[in-house]
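**Q** Encoded as structure tokens, here's the structure I'll be asking about.
Only the coordinates and a few stated rules stand behind these numbers; no lab work does. The structure presented is a predicted model; accordingly, all values stated were derived computationally and were not measured. Cβ placement follows ideal geometry from the backbone for every residue including glycine, while neighbour counts extend to all protein chains displayed.
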Amino acid sequence: MPRIATLLPSATEIVCALGARRDLVGVSHECDFPPDVAGLPVLTSTKAKPSRSSLAIDRSVREIVRAALAVYDVDVALLERVAPDVVVTQDLCDVCAVSLDDVRSAVARLAKRDVAIVNLRPERLADVFADIERTAAAIGRAAEGAALVAAMRARIDAVRARAEAASARRGRPRVVTIEWIEPVMLGGTWMPELVALAGGEPLVTSAGDRAPTLSRDELARLDPDVVLVKPCGFALDRTLAELDVLPRVLPWDSWRAARETKVFVADGNAYFNRPGPRLVESLEILAACVHPEAFPDFAAKHVTSVLPVTSNLSTRP
């Protein structure tokens, strides 16, 4: 089987879900699932300054981009040593992972000349399924890829059927998903599809849209029934550390969702922002937020990954 290097977390999850964990020879600095990838050679690093503030992180990344620098580096010497046959990367977002141009440049410098690059560019759920199948084909596991996609589709369809029944009884709540806290960015790409599958009505964005940045005044013109805060790359504890920012950046006093404890914070690092197998779990979490009366099983299953926020900024399980 081919030796595989994955340069973003979703690619690592896809390769492992295909049964090829033993073929991994290197991962990115952000790859943390499944847990047994810990200890593999780390092939990338970031130039962004570490910070506990989402605003400071945003400013650091923007400074790097303005200087026409790459946000991430590839360790070419280490890539040479691990000698992959296949490198899985992406070109959807240069802020989220190593750019495709940098990966091509790194691979071109290797002594090994027959390295295949699998480039992922998921903008909608169908793209995620296609990326899984292309990755599977590239690593000699086409049958496993087809089986994985079929299993994901079946689970998604089961959630959709339950959500449609709940929507028929109670209507479709208006949903805002928040991709970044400061500045406030709303979820695009596959998030509107997940909202619709969970029985909600996505506000502002449509499937495939890039995440827009909205001002407080623009947000004030919305009145969502449900709000999900799941910043890209932030685990739940990291998001909880910025709860006090929400009333400043969101129209907290005017949003019905805030008054009625329909604002939820979720693990945006493990779920939602990784276009791979755990998008199904992401849908389960979202369904439990949008229609809690219909999905108590998912609320219990994911109790450690999502919390409601009360109007006074406390949380409760």
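**Q** Find the cysteines in the chain that fail to meet the 4.7 Å Cβ criterion with every other cysteine, and list them.
**A** Cys with no partner Cβ under 4.7 Å: C16, C31, C232, C289.
**Q** What list do you get for S314, S99 if you sort them by fewest beta carbons within 10 Å?
**A** S314, S99
**Q** Loop only by DSSP, 12 or fewer other Cβ within 10 Å of the Cβ. Give me the trypsin sites (Lys or Arg not before Pro) in the stretch 64-159 that pass, ordered by residue number.
**A** R109, K112, R113
**Q** Can you run phi through the Karplus equation (6.51, -1.76, 1.60; θ = phi - 60°) for the stretch 218-226 and list ³J(HN,Hα) in whole Hz, with x for Gly and Pro?
**A** Values per residue, Gly and Pro as x: 5, 5, 5, 7, 9, 9, x, 7, 9 Hz.
**Q** Please work out which option in (i) 60, 44, 30; (ii) 47, 47, 44; (iii) 51, 45, 37 gives Cα extents along the principal axes in Å calculated from these coordinates, and answer with its label.
**A** Checking each listed value against the structure points to (i).
**Q** What's the angle, to the nearest 10 degrees (0 to 90), between helix 142-170's Cα axis and the longest principal axis of the chain?
**A** 10
**Q** Just report the Cα centroid separation between the stretch 110-152 and the stretch 247-290, whole Å.
**A** Using only Cα atoms, the two centres lie 28 Å from each other.
**Q** Amide H of R174 versus every other amide H placed in the peptide plane: which residues, excluding those fewer than 5 positions away on the same chain, fall under 5 Å?
**A** Placed amide hydrogens put E201, D225, V226 under 5 Å from R174.
**Q** To the nearest 10 degrees, how steeply does helix 279-290 sit against the main Cα axis of the chain, on a 0 to 90 scale?
**A** Computed tilt is about 10 degrees.
**Q** Further, regarding this structure: Quick one: 3J(HN,Hα) in Hz for the stretch 20-33, Karplus 6.51/-1.76/1.60 with θ = phi - 60°, rounded, Gly and Pro as x.
**A** For the stretch 20-33, the Karplus-derived couplings read 10, 4, 5, 8, 6, 10, x, 9, 7, 5, 9, 6, 9, 8 Hz, x marking Gly and Pro.
**Q** Taking 8 Å as the Cα distance limit and 6 or more residues as the minimum spacing, I'd like the relative contact order of the chain as a percentage.
**A** Relative CO of the chain lands at 14 percent.
**Q** With an 8 Å Cα cut-off and a minimum separation of 6 or more residues, compute the relative contact order for the stretch 194-273 in percent.
**A** 37
**Q** Can you put W255, W190 in order, fewest other beta carbons within 10 Å first?
**A** Fewest-to-most ranking of W255, W190: W255, W190.
**Q** Using a Förster radius of 25 Å, what is the FRET efficiency between A161 and R259 based on their Cβ-Cβ separation? Nearest 0.05, please.
**A** With a Förster radius of 25 Å, E is 0.20.
**Q** Would you compute, for the Cα atoms of the stretch 4-121, the largest minus smallest coordinate along each principal axis and list the three values in descending order, in whole Å?
**A** Cα extents, longest axis first: 39, 31, 25 Å.
**Q** Can you compute the radius of gyration and Dmax for the stretch 132-207, using only the Cα atoms, both in Å?
**A** Rg and Dmax of the stretch 132-207, Cα atoms, are 16.0, 46 Å.
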